[in-house]
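Nothing in this text is a laboratory measurement; each read-out follows from the coordinates by a stated rule. In this text, all values refer to a predicted model and were calculated from it rather than measured experimentally. Virtual Cβ from ideal backbone geometry, glycine too; neighbours counted across all protein chains shown.
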Amino acid sequence: KLRASSSGGSDDGGGAWVFSKVELCAACAVYNLTNVDELRGAIAKWAAEAGLVTAAYRELYSFTFDYLREDKTKLPCDEALEAWRLLGLEKRWPLFARFSEFITTEANGGKGHELVSRDEWQSLVGFAGAYPSVDALRDNYDIDGGAHPLLFDDFYEELVCA
């Protein structure tokens, strides 16, 4: 099992684990992960074992954003897309390819979406689970009453209303 020196939450074990870069490198050594493809495979395996919406997956998902952003408040879009692929969203969410294309080319009036906020990152797993298809998005998304990030409203409008 992966070991972290601290937890971001309470002492009862309910918080997200915080891994240092040294601990992550040590875990790669323990699991004999020597390159990005092997790490990608291990993360996909762990994510598959945890499931898309389990607490363990959400902790891994949240940890990934915090780990990648370091001292930044937002992630560059290309880093977020690669992280989402590493975390298995590409295989778990049928609309991922369309979402990926949207945020890189069509969002922001055709300029693309440059940065992914923590709110957008955290909301995407729930959004992907709730709207696995264009039909689900069309039939169930509440653009007027929902509390989704504006990026998701724009994606809805591009995909469903265009």
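Annotations for the structure displayed:
- Global form of the range 88-152, assessed from the alpha-carbon gyration tensor, a/c cut-off 1.5: rounded
- Here I143 and K45 are evaluated by their C-beta separation; at R0 = 45 Å the FRET efficiency comes out at 0.80.
- Additional length obtainable on full extension of the chain from D78 to D66, 0.36 nm per residue less Cα span: 2.7 nm
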